[in-house]
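Beneath this line is the structure, given in structure tokens, with notes to follow.
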Amino acid sequence: MTVPVSPVFAPTTSQTIGAVPAASTQNATLLGKDDFLKLLIAQLQNQDPLNPLSNDQFITQSAQFSTVEALQNIQKSLNTMSTNSGSSAVAAGTALLGRSVVATSAGFNYAGATVSLPFTLGSGLDGGLVEISDTSGQILTRLPLGTRNAGAQTFDLQPGATGLRSGTYRYRIVAPDAQGQLTALPAVTGVVTGVSLSNGTPVLSLGSRTVDLADVTGVGNTTN
């Protein structure tokens, strides 16, 4: 008489390292190398002795583990490079403290009252405009400067003249080039009084105005 023999271990469903059970997909997160290693060990410990993990499966899952580890190391290196880059950029901006700079645009705060926007022209200008944009770079308005002589001067932004709400904006002086295209002039000038980092970009403070380091076109001598 043949007696049926039940296996001691019930066959388990083949798993792939890194797979997340359907019941937990709502809270699924990308597994790290430690999670992969734990899953691989657990799978080896609980595999069916009658149907063990094949060499090909083991090699494939080991390769997945190595890939995840390599990706994490790359991400760590990129984060380190980004941090060092930001620190280097701030250090470069700090070297400009107390020095006069020339830039193509500057940020300013508008609170509904008249705001004086200073600029300096290297030569006389006829047909120039003050261009106002928001912090995302969208141009909101252009206001005529009229005829201007060379030298330091200001443009008074009057309340109600532009429909601007209170907030932070940018301005630059633009004029048509030989082809009639509006071009930003290196007309924003001032002395650097502070340096900060905004979204990874070094920002120079010129009193109440701010200038992105990337917009600086010239640097003068240190002021006393």
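We did not get these values from a lab; they are worked out from the coordinates using the rules stated. All figures in this text were calculated on a predicted structure; none of them were measured in a lab. Here the Cβ positions follow ideal geometry from the backbone for every residue, glycine too, while neighbour counts run over all protein chains shown.
Here is how the numbers come out for the structure above:
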| quantity | calculated |
| --- | --- |
| Selection within region 165-201 - surrounded by fewer than 18 Cβ atoms within 10 Å (Cβ to Cβ) and among the polar types (S, T, N, Q) | S166, T168, Q179, Q181, T183, T193, S196, S198, N199, T201 |
| Subset of region 192-224 (residues that are touching a Lys or Arg at 6+ places or on another chain (Cβ under 7 Å) and within 14 Å of G93 (Cβ to Cβ)) | V192, V219 |
| All strands (runs of 3 or more DSSP E) inside region 110-180 with 3 or more residues being without any contact (Cβ under 8 Å) to a residue 40 or more places away in the chain | 125-133, 139-148, 151-157 |
| Region 202-224, residues that are surrounded by fewer than 13 Cβ atoms within 10 Å (Cβ to Cβ) and of a type in the set (V, I, T) | T222, T223 |
| Residues (of a type outside the set (D, E) and either surrounded by 19 or more Cβ atoms within 10 Å (Cβ to Cβ) or within 30 Å of the chain's Cα centre (by Cα) (or both)) located in region 130-144 | V130, I132, S133, T135, S136, G137, Q138, I139, L140, T141, R142 |
